[in-house]
Amino acid sequence: MFQIAICDDEQMICSQIEKIILTYFKTTNEKVEVQVFYSGEKLCEFIEKEHSFDLIFLDIELERINGIEVGMKIRKEMDNQTIQIIYISGKDCYDRELFEVRPMHFLPKPLDEGKIIKDVLLAMKLNEKSGGIFTYKKGQETYKIPIKNILYFESIGRQVKIVTTDGEELFYGKLRDVLTEVSTYRFMHIHKSYIVSYAHVITFRYESVIMSNLMQLPISQPRRKAIRELQVIYEKFE
């Protein structure tokens, strides 16, 4: 699931961007979630509570704490260097501090629908290349694992086992929630109990896959056609 935040004190602008994004992605296989904030304080509070986003559309002219200050807080105080930030503004002038935030892009108002979608797709591409992070909780603690290190997820009762290049981890959760989080990173739901990383599949067979740790995992009969179609799609982009 690609997570997007929109932060602007003009509700009409937030609604416009949200509608453009959700309308576009209704016609694709990509899953996105959009959350709206009307102040920089609310956005920062949300991120500080162990939440994160892949992309933020951030208005520069926010009241109280402006968009540049929000960006600096994310980059410096929170030390988050992975969130992509797109600044939006009704002014043409650029503050020198803006570039310290390393924004992905700058969009002038009035907003252009095509440019918004183009930027979201670019952010998705950059996110995929950087590998991304999978987060999960055990009790009150949040853990993070680089997506590129994950071979597969296995459902075991009320728990999910993560098998990585470094070992295994268990946490309480549901496989369908895991799939929502990792679907944009070429993970395949091959069986009701397994989600595997395409990058770590070394052999595809009709009834199973062989993973990079040499584990053989089953492909359930109802999923075989869909898995084969995904395999063909992914191979085209290699």
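The values are calculated or read from the model by the stated rules, or taken from the named source; none is laboratory data. These figures come from a predicted structure and were not determined experimentally. Glycine gets a Cβ as well: all are built from the backbone with ideal geometry, and neighbour counts include every protein chain shown.
Just to be sure, is K115 at pLDDT 95 or above and basic (K, R)?
Against the criterion (at pLDDT 95 or above and basic (K, R)), K115 qualifies.
Under the condition of being more than 23 Å from K31 (Cβ to Cβ) and modelled with pLDDT under 90, which residue from segment 128-165 is surrounded by the most Cβ atoms within 10 Å (Cβ to Cβ)?
The selected residue is K138.
Kindly provide the set of residues from segment 2-25 that are within 21 Å of the chain's Cα centre (by Cα), aliphatic (A, V, I, L, M) and exposed (fewer than 15 other Cβ atoms within 10 Å of the Cβ), ordered by number.
L22
One line per residue, one yes/no per condition, for (1) β-branched (V, I, T); (2) closer than 24 Å to R176 by Cα; (3) assigned by TED's automatic domain parsing to the domain that holds D112:
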site: I17; (1), (2), (3): yes, no, yes
site: I21; (1), (2), (3): yes, yes, yes
site: K31; (1), (2), (3): no, yes, yes
site: Q35; (1), (2), (3): no, yes, yes
site: F53; (1), (2), (3): no, yes, yes
site: L58; (1), (2), (3): no, no, yes
site: E69; (1), (2), (3): no, no, yes
site: N80; (1), (2), (3): no, no, yes
site: Q84; (1), (2), (3): no, no, yes
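When you go through (1) in contact with a strand residue (DSSP E or B) (Cβ under 9 Å, 6 or more places away or on another chain); (2) under 21 Å from L126 (Cα atoms); (3) free of Cβ contacts under 8 Å to residues at least 60 places away in the same chain one by one for L62, which number turns out not to apply?
Of the numbered conditions (1) in contact with a strand residue (DSSP E or B) (Cβ under 9 Å, 6 or more places away or on another chain); (2) under 21 Å from L126 (Cα atoms); (3) free of Cβ contacts under 8 Å to residues at least 60 places away in the same chain, the odd one out for L62 is (2).
Does any residue of segment 28-41 turn out to be surrounded by 22 or more Cβ atoms within 10 Å (Cβ to Cβ) and either acidic (D, E) or assigned to a helix (DSSP H, G or I) (or both)?
yes
I'd like to know if segment 92-106 contains one or more residues that are within 17 Å of C44 (Cβ to Cβ), in contact with a Lys or Arg (Cβ under 8 Å, 6 or more places away or on another chain) and part of a strand (DSSP E or B).
Taking every residue of segment 92-106 in turn, none turns out to be within 17 Å of C44 (Cβ to Cβ), in contact with a Lys or Arg (Cβ under 8 Å, 6 or more places away or on another chain) and part of a strand (DSSP E or B).
Give the number of residues within segment 117-171 that are of a type in the set (A, V, I, L, M, F, W, C) and farther than 17 Å from Q84 by Cα.
11
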